[in-house]
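Okay, so here's the structure we're looking at.
The values are calculated or read from the model by the stated rules, or taken from the named source; none is laboratory data. This is a predicted model, so every value here is computed, not measured. Quick reminder, even Gly has a Cβ in these numbers, built from the backbone with ideal geometry, and neighbours come from all protein chains shown. Ligands, DNA and RNA are excluded from the accessible area calculation, which covers all protein heavy atoms including side chains. Shrake-Rupley method; radii C 1.70, N 1.55, O 1.52, S 1.80 Å.
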Amino acid sequence: MTSSQPEKLSLDSLDIAGDNRAKLKALFPSVFAETRNDEGELVESIDFEKLKAELGSVSDVFENRRERYGMDWPGKKDCIKLVQQPATGTLKPCREASVNFDSTENLFIEGDNLEVLKLLQKSYYGKVKMIYIDPPYNTGKEFIYPDNYAETLETYLSYAGLADDEGKKFSTNTANDGRFHTKWLNMIHPRLYLAKNLLREDGFIVVSIDDGEFNNLTSVISEVFGEDNYVANLVWDKNRKNDAKLFSVGHEYMLVYAKNKAFFAENKIVLRAEKEGVQEVRDLFLALRSEHGDNWNEVNKELKKHYKTWDKDDPRKPLARYNKVDELGPYRDDGNINWPGGGGPRYAVIHPTTKKPCAVPKSGWRYPSLERMQEEISKGRIVFGHDEKTVPGVRSNLFEATKQVLKSVHFSYAQTATNEFNKIFNGKRIFENPKHYADLETIIDYLSSENDDLILDFFSGSCSTADAVLRLNNENNGSRKFIMIQLPESCSKDSEAYKENYQTVSDIGKERIRRVIQSISHERRQLEKDSTTLLPGIAEPLPSIDLGFKVLKLDRSNFKPWNGSDPDATEAELAEQLALHIDHINPTATQEDLLYELLLKAGFMPTEKIETHQLADHTVYAIADGALLICLENEITKDLIDAIVTAAPQQFLCLDKAFNGNDQLKANAVQTFNTLNQNRDKDMSIIFKTI
């Protein structure tokens, strides 16, 4: 029987446990059955005996649970429960702190990342290409992320100065604490679990870490993502520490895991990066050609002179092997033409000048047949010696071989990162140990594409990740987007940051993004001006890129939950709940506050375009080109329902109180949508919900 009541919009975040059960049911529907609980109610249950039978030989793991490989620690079960608890807050828009609020698709979210990650589950499930995080290193200093499971949204609000009882603090973690490593694991595990949900099938997570928690991180991330999804352990050599007693440990790691490594093998996807310095050499080659024409000796001399300016540890140094030059650019002709391992084919390759067979390499030719060799010769990729006595070599042109696999060891000096960061803030050192945006540019460029890929950092700190994304987009006219999440961690009152009026780490991050945007905007305007001056009437404006970010702040929900059915509620509490049942909306909430909460709860991104329309003399908000229509007025009419049906959105939301107790109007509205949907394909139906 069809209900005469509209469906209520769930104000909870994604039900993680329910989502996992749904996935299991899709794979093994036969193991689910309905049973009655102690109260006689029908509930869905799992027949684990059937599940063991479905799993076949793997069912042994159910019988031998005492001895199994894995990582355990006190509080692990509580971590899993914590993931399943719904988020109770919302993300409130903050226009005054944003840049290009209405047009940008970049987000900066101020709040506890555990609660925020839960709130993002519906909107961003399976949509993030890459996650980079630099979590607290557990060095013996305090970090303020929750460990005790009583710490909730209210604790955060108090900490952030958004509650009446300011002064609560999150748990801290010091080296003197007996649960030092346990607390760190309890902090990181649920966040990794939620992060995995947000990644696309072709997504990656990259985690910076030092020696202190490297082993623990490796174990816990392997458990969450699966050992089979391990990709690499990158080493970043930072600097030498001359005050060390035994060894100078000046490196950090980046652990890289895929969401689904098998996806890359199945789709024959490989990763390659531009060789460092190739574009620089190309620009120099073109300049030398312009100056010296086809005088290859002069061009080559100048190229070699430039190569010598690079230090031996410079990552561009391998390009110096391309030490010959012609119209195709720098090349080398000493490539190996030998069959690997010996025993290769031996056929006659005729020297083009002497017309005699060339000397055959000891292990045989690299190419399996003379026909295949002739293909390479015709393409100019085989270089012959003065006569047939010299074994030919393979030619490699620098500008044709610009891609390579990224190496696992990198040099990135900490002082350089600090100096670059200080430049952004006019020489002021307001943040200690920032990550170098160039390092993150390298890894982001390698693991994602230029077009619309979403990059998430939920320990964003000084926002080096956002800086890197903005610079990459500027360099390539790309459209990568970012989400930064940062706790408003207080700056010490004697710090340089506090003296410069940055009270929290999130204040520093937001200001850094603003300054980078300002710098890039100025640079692009200057480029367009210079182009117009040099090529009047011909130069075209640069393609537009997203130079903005939208600030959202974690806060209490604007909708107070109805708990009037609570049997333990007092008479006063029931009276309060009855009032909420009539109007459960926070009276101080703005229309924009309500809109952004409903976007999240309905599963839409908070960066979706919002338009205001007039339908049947009512103000209606259209989200994502009309996919979602929301009316927040206090009165609903039949004419509005008819107009919504004509507009044909995917979803329509309105206030339940807007029916003003007119049950007949509400029932007719439900019937209108039900009748419409019965005559339409499922993907054309309209979901009608009230709040």
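Values as computed for the structure displayed
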quantity: Extension gain (nm, one decimal) between Glu154 and Lys493, 0.36 nm per residue minus Cα-Cα; calculated: 119.6 nm
quantity: Label-point separation, Gln526 to Asn668 (7 Å along Cα→Cβ), nm; calculated: 6.6
quantity: Spacing of the two label points (7 Å from each Cα toward its C-beta) at Lys81 and Ala648, in nm; calculated: 5.0
quantity: Listed peptides 200-206, 629-635, 426-432 by packing density, highest first (mean Cβ within 10 Å); calculated: 200-206, 629-635, 426-432
quantity: FRET E, pair Glu611, Gln678, Förster distance 30 Å, beta-carbon r, rounded to 0.05; calculated: 0.50
quantity: Degrees separating the helix 296-307 axis from the principal Cα axis of the chain, which is the longest one; calculated: 50
quantity: FRET efficiency for Gln591 and Ala53, using Cβ-Cβ distance with R0 set to 56 Å, rounded to 0.05; calculated: 0.55
quantity: Volume per residue of the C-alpha convex hull in region 420-508, rounded to whole Å³; calculated: 90
quantity: Whole-Hz couplings from phi, Karplus 6.51/-1.76/1.60, listed for region 218-229; x for Gly and Pro; calculated: 4, 5, 6, 6, 5, 5, 6, 9, x, 4, 5, 9
quantity: Formal net charge of residues neighbouring Leu234 (Cβ-Cβ distance under 10 Å; K, R +1; D, E -1); calculated: -1
quantity: Cα centroid separation, region 360-404 to region 293-334 (Å); calculated: 21
quantity: Rg followed by Dmax, in Å, when region 591-691 is reduced to its Cα trace; calculated: 12.9, 37
quantity: Too-long pairs where the Cα-Cα distance tops 18 Å, listed order kept, from Lys23/Lys682; Lys423/Lys481; Lys481/Lys550; Lys317/Lys379; Lys550/Lys609; calculated: Lys23/Lys682; Lys423/Lys481; Lys317/Lys379
quantity: Antiparallel DSSP beta bridges within the chain, as percent of all bridges there, nearest 5; calculated: 60
quantity: Prolate/oblate/rounded label for region 241-315 (Cα gyration tensor, a/c 1.5); calculated: oblate
quantity: Charge context of Gly344, other residues only, Cβ under 10 angstrom, K/R +1, D/E -1; calculated: +3
quantity: Point-to-point label distance, Asp326-Ala33, nm (Cα→Cβ direction, 7 Å offset); calculated: 7.9
quantity: Shape category assigned to region 247-371 from the gyration tensor of Cα positions, a/c cut at 1.5; calculated: oblate
quantity: Nearest-0.05 FRET efficiency for Gln5 and Thr533, computed from C-beta distance (R0 60 Å); calculated: 0.35
quantity: Cα long-axis angle, helix 638-647 against the chain (0 to 90 degrees, to the nearest 10); calculated: 20
quantity: Environment charge at Thr612 (Cβ cut-off 13 Å; Lys +1, Arg +1, Asp -1, Glu -1); calculated: -3
quantity: Extension reserve of the Glu420-Ala17 stretch, reckoned as 0.36 nm per residue once the Cα distance is removed; calculated: 140.6 nm
quantity: Angle in degrees between helix 591-601 and the longest Cα principal axis of the chain, rounded to the nearest 10; calculated: 70
quantity: Residue-by-residue Karplus 3J(HN,Hα) for region 659-676, coefficients 6.51, -1.76, 1.60, Hz, glycine and proline x; calculated: 7, 6, x, 7, 5, 5, 4, 5, 5, 5, 4, 4, 5, 4, 5, 4, 5, 4
quantity: Heavy-atom accessible area per residue - region 175-318, 1.4 Å, Å²; calculated: 53
quantity: Cα gyration tensor category, rounded, prolate or oblate, for region 354-443 with a/c compared to 1.5; calculated: prolate
quantity: Calculated diffusion of region 460-540, Stokes-Einstein form, Kirkwood radius summed over Cα pairs, 25 °C and 0.890 mPa s, µm²/s; calculated: 167
quantity: Spatial separation of Cα centroids for region 492-542 and region 639-691, in angstrom; calculated: 47
quantity: Debye-sum result for the chain in log10 I(q)/I(0), which assumes one identical scatterer on each alpha carbon, at q = 0.06, 0.07, 0.10 Å⁻¹; calculated: -0.49, -0.65, -1.15
